[in-house]
1. Which option, (1) 60, 34, 12; (2) 27, 20, 12; (3) 33, 16, 14, is the value of semi-axes √(5λ) of the Cα gyration tensor in Å that was calculated from these coordinates?
2. Once whole DSSP H runs in the chain are found, which of them have Cα atoms spread over 24 Å or more along the helix axis and a mean Kyte-Doolittle score of at least -1.0?
Amino acid sequence: MDTWMISLLTAVLATAMWTDLRSSRIPNWLTFSAAGIALAGHAWLGGLPEMALSMSGFVTGLGLFFLFYLSGGMGAADVKLMAAVGAFVGPYGALSSGVLALVVGGFYALGAMCYQWGVVRTGQRLALAGYGALVTGGKEWAQDIQLPFRLRYGLAIVAGTLLFLLGLSPFEG
């Protein structure tokens, strides 16, 4: 990926992080324009094959988090941000960034729980929720670990993407 594309993606990520922290929103104008610029930039740099790779990354990023959105675990803006990231980094980058975002997001959620309830109470709540999930097989257990505030998952997407851009990938040994 060219330096100017990395610079542009970094600017998009910084803007997404800022708006997510400020208002718990990632605006459509940011995600849609970023995806469009990424597609056009790849087409300009590498023609139709590069644009197809960018579109494939867009679809990978979108599909990766869409099920989380459908289950109510993630907002639509987070899904659109991941799709825009995919348009910049392609399907491999979208998958890598997305997996890294899920790992970072898990630590973020665990840290938020420990902040809210303390380490011991968090452990108790997670143990009870896990037991409840095994016994009931339903969603009743999720209420035991519900935080009184919304996590800003755009931050995890930004962190996962930056880790990927820095050369970290969960798929390389």
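1. Only one listed value fits the structure, namely (3).
2. Span-like helices in the chain: 3-23, 28-70, 76-117, 119-136.
Rule-based calculations on the coordinates, nothing more; no lab input. No experiment lies behind these values; they were computed from the predicted model shown.
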